[in-house]
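See below for the structure under consideration.
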Amino acid sequence: MKRVALLFVIAVLVPSLGLAWLAVRSLRDQQFVLERQQSLLYQSVADGLARETQEFLNEHLRSFGLEIERWLLRREPFDFARTLDQDLATNWPLAEVSFAVTTDGQLYSPGFSTRPEVRNFVATQSRFLGNQEAAEVYWNVGKQTLNAPVAQAFQQPADDPLNYGGNTRQMATQSGFPTKTPSVRNVLPQQSLDFKDTSWAQAADNRSRLNPSEAEFRQLIGDATEGTLARFVDNRLAVLFWYRSPRATNLIFGAQLSLPRLREALQELLDELKPGIRDDVCVALLDDTAKPAALSPADFQSSNWKRPFVATEIGEGLPHWEVAVYLLDPDKLSQAAQTLKLTLGLLISSLLVAIGVGSWLIVRDLNRQLTLARQKTDFVSNVSHELKTPLTSIRMFAELLAEERVPDRAKQRSYLHIITAETARLTRLINNVLDFARLERGEKKYNFQDCDVAEVLRETVETLRPHLEQNGFALECALPGEPCVVQADRDALAQVLVNLLSNAEKYSGEQKEIHVELRRHSSPLPFVEVNVQDRGLGVPRGCEEKIFEQFYRAHDSLSSGVQGSGLGLTLARQIAQAHGGDIACQPRDGGGSCFSLRLPVRSTPATGGGRTGMG
Ligand code: ADP
């Protein structure tokens, strides 16, 4: 038993509890896991949009070059350069101010203008474009010409015409320009903060991945043919496109982008976002002051634009601009995590309960099987003993009589009496065992017919009376005057009564009194009750039901000296139940026990309840 229990604990209980513990632990991380999944999803949305924005700029840089080429087909370069600002203003709407610089650093155009944008441009950019001062710039270059040291440093892969040679940090390091320390990002995405636990990591994570270079215009463009430059002048972002045509190698054409128009164009990009994404989040393009330059959905409002769920920097083309993603309903995530936690928690609890109940059932069944196995072993030894004892006395007295060693007639009669009684005991035992086997196999057949219980009881008592009285028992039997007819198998009924009387004899103790009575009851339904009462050892407390289980013995042979098979009451109850009745046991007032057999009266009940004392 111990081994089986140990095996059970090792093979089932410990792994189940281990798994349950792991599952409960993983429950605590559900919110984190969900947030992680969501952040990965929305981070990819933000990254994708940042790439698209960068590509959008590259496309426009290309279209700017084509526009310049178209003009140069029709006009002489210096002539076109002079009127460039007016010409492009109508044909290339993204340009706020267009300019042309000679390679030796002369700002050829725009000239004098009343337009405030032009005047501001000349005031802020002419010294940088004229190579008279170095500025802090974020830059990208496009197609390269050969033999240029800067150009070689960031040669682009041939199969990707839109890849503008990597980011500023990489290029600046390679080209040897002095670089500035990257500044801190304007926005602090919740997700980047929540996943790190040290303040250093938080600070590191919030640093911009772009570092500006300190250089003059001429140095930056090298021998490249096109590129973008972005710089902050008086905290205002200026994005410049520039292009060098093979038709005019000594001139560089460029344009400063109109940020309002750029915003409008970028809003169109956002409007193309998949509707599924817009249902849960707002995607915003934040400018360098962390204000939304474009939004989808357009009516979204945030109390703190600087704390999006996730965000990505767009790149050198638009430094300090970010694609930021905000959750439309931040509570939805924790609600979903809560629901998931609850569902999983319930699932784990029900699994644990199922394992617990299953284990309990297995252990209970195991115990029952073990008890049964033990009882069967006891049964075999008990029955063998019960067979051996009467056989020994039968043999001994039969031998004495056969050898005529007992001349006294009275003794001879007494010996013959013992032989008969022992044979009856053997028959009873064998009948019980055979009947039990039949019942177990479901082969026991009953011959139900109208049967007077009073008569069966009288006959049984009278059969056993001589034997009992000879052994010193006072047997009293109280029967009603009228017949008590029930539907019953007469022999089976007699067997029940014999078993009860034989038990009253076996477990009698010092006070050898047996009282048998038959009563009729009419409520709730009519039934007859046979009570067999003794003044014997009594049934130990708590065993009143167990004694009806097969092989169960409340008084074992060793301590009580009473032999038995543990089948008599099992059979008696099964027969009673087959008749629609039952047997119960109660302690008797004044000591001993009372076994009551109850049988329903199905035939017309006889009236009257007079009792006749017998014995
Ligand atoms: P057994 O062959 O052991 O008598 P039974 O099924 O007839 O088997 O009885 C089961 C057990 O019930 C007995 O072993 C005994 O402990 C208890 N028992 C039965 N009848 C009595 C009784 N009249 N008084 C006390 N104990 C009894």
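The values are calculated or read from the model by the stated rules, or taken from the named source; none is laboratory data. Source: prediction; values computed, not measured. Here the Cβ is made from the backbone with ideal geometry for all residues, glycine too, and neighbour counts use every protein chain on show. SASA here: full protein model, heavy atoms, side chains in, ligands and nucleic acids out. Shrake-Rupley method; radii C 1.70, N 1.55, O 1.52, S 1.80 Å.
The residues of segment 259-290 that are within 16 Å of Ala50 (Cα to Cα), basic (Lys, Arg) and exposed (fewer than 14 other Cβ atoms within 10 Å of the Cβ) amount to a single one, Lys274.
Only helices (runs of 4 or more DSSP H) whose full extent lies in segment 197-292 are considered here, and the ones with at least 1 residues that are aliphatic (A, V, I, L, M) and in contact (Cβ under 8 Å) with a residue 24 or more places away in the chain are 217-221, 259-271, 275-280.
When Gly345 is tested against (1) over 20 Å from Tyr42 (Cβ atoms); (2) assigned by TED's automatic domain parsing to the domain that holds Ser98; (3) touching a residue at least 60 places away in the same chain (Cβ under 8 Å), exactly one condition is not met: (2). The condition of being part of a helix (DSSP H, G or I) and either under 30 Å from Leu468 (Cβ atoms) or touching a strand residue (DSSP E or B) at 6+ places or on another chain (Cβ under 7 Å) (or both) holds for only one of Ala354, Ala373, Ala398, that being Ala398.
This table checks each residue for (1) under 30 Å from Gln487 (Cα atoms); (2) open to solvent by less than 40 Å² (accessible area, probe 1.4 Å); (3) touching a Leu at 6+ places or on another chain (Cβ under 9 Å); (4) not assigned by TED's automatic domain parsing to the domain that holds Asn499.
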{"position": "Pro390", "(1), (2), (3), (4)": "no, yes, yes, yes"}
{"position": "Arg405", "(1), (2), (3), (4)": "no, no, no, yes"}
{"position": "Asp408", "(1), (2), (3), (4)": "no, no, no, yes"}
{"position": "Arg413", "(1), (2), (3), (4)": "no, no, no, yes"}
{"position": "Ile419", "(1), (2), (3), (4)": "no, yes, yes, yes"}
{"position": "Arg438", "(1), (2), (3), (4)": "yes, no, no, yes"}
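Out of all the residues in segment 462-476, is one or more closer than 16 Å to Ser596 by Cβ, outside any strand (DSSP E or B) and out of contact with any His (no Cβ under 8 Å at 6 or more places or on another chain)? No, that holds for no residue.
For segment 89-133, which residues satisfy the criterion of being hydrophobic (A, V, I, L, M, F, W, C), farther than 16 Å from Val233 by Cα, buried (at least 16 other Cβ atoms within 10 Å of the Cβ) and free of Cβ contacts under 8 Å to residues at least 60 places away in the same chain?
Going residue by residue through segment 89-133, those that are hydrophobic (A, V, I, L, M, F, W, C) are 89, 92, 94-95, 97, 99-101, 107, 112, 118, 121-123, 128-129.
Now narrow it down to the ones that are farther than 16 Å from Val233 by Cα: 89, 92, 94-95, 99-101, 107, 112.
Still in the running and buried (at least 16 other Cβ atoms within 10 Å of the Cβ): 89, 92, 94-95, 99-101, 107.
Within segment 89-133, Ala89, Leu107 meet the criteria.
Residue-level check: of (1) touching a strand residue (DSSP E or B) at 6+ places or on another chain (Cβ under 7 Å); (2) at pLDDT below 95, Val516 misses just (2).
Scan segment 578-594 for residues that are farther than 24 Å from Lys444 by Cα, within 11 Å of the ligand (Cβ to nearest atom) and part of a strand (DSSP E or B) and the total you get is 4. The single condition among (1) surrounded by 11 or more Cβ atoms within 10 Å (Cβ to Cβ); (2) of a type outside the set (Val, Ile, Thr); (3) over 30 Å from Ile10 (Cβ atoms) that Gln301 does not meet is (1).
Scan segment 452-465 for residues that are open to solvent by less than 40 Å² (accessible area, probe 1.4 Å) and over 13 Å from Gln495 (Cβ atoms) and jot them down.
Asp452, Val453, Ala454, Val461, Arg465 - these are the residues of segment 452-465 that are open to solvent by less than 40 Å² (accessible area, probe 1.4 Å) and over 13 Å from Gln495 (Cβ atoms).
Can you confirm whether Leu501 is open to solvent by less than 30 Å² (accessible area, probe 1.4 Å) and among the aliphatic types (A, V, I, L, M)?
Yes, satisfied.
In summary, Ala554 fulfils each of the numbered conditions (1) within 30 Å of Val380 (Cβ to Cβ); (2) out of contact with any Cys (no Cβ under 6 Å at 6 or more places or on another chain); (3) among the small types (Gly, Ala, Ser) with the single exception of condition (2). Filtering segment 431-444 to residues that are in contact with a helix residue (DSSP H, G or I) (Cβ under 9 Å, 6 or more places away or on another chain), closer than 12 Å to Gln495 by Cβ and either free of Cβ contacts under 8 Å to residues at least 24 places away in the same chain or not hydrophobic (A, V, I, L, M, F, W, C) (or both) leaves Asn431, Asn432, Asp435, Lys444. Cβ-Cβ distances below 7 Å connect the following pairs, each with a first residue in segment 469-482 that is free of Cβ contacts under 8 Å to residues at least 60 places away in the same chain, a second residue that is aliphatic (A, V, I, L, M) and open to solvent by less than 20 Å² (accessible area, probe 1.4 Å), and a separation of six or more residues or different chains: Glu469/Leu475; Phe473/Ile514.
Residue count for segment 231-279, restricted to those that are closer than 29 Å to Glu216 by Cβ and aliphatic (A, V, I, L, M): 12.
Here is the figure for segment 2-31: residues that are without any contact (Cβ under 8 Å) to a residue 60 or more places away in the chain and more than 17 Å from the chain's Cα centre (by Cα) total 8. Picking from residues in segment 357-380 that are within 30 Å of Gln30 (Cβ to Cβ) and modelled with pLDDT of 85 or more, the one that is least open to solvent (accessible area, probe 1.4 Å) is Gly358.
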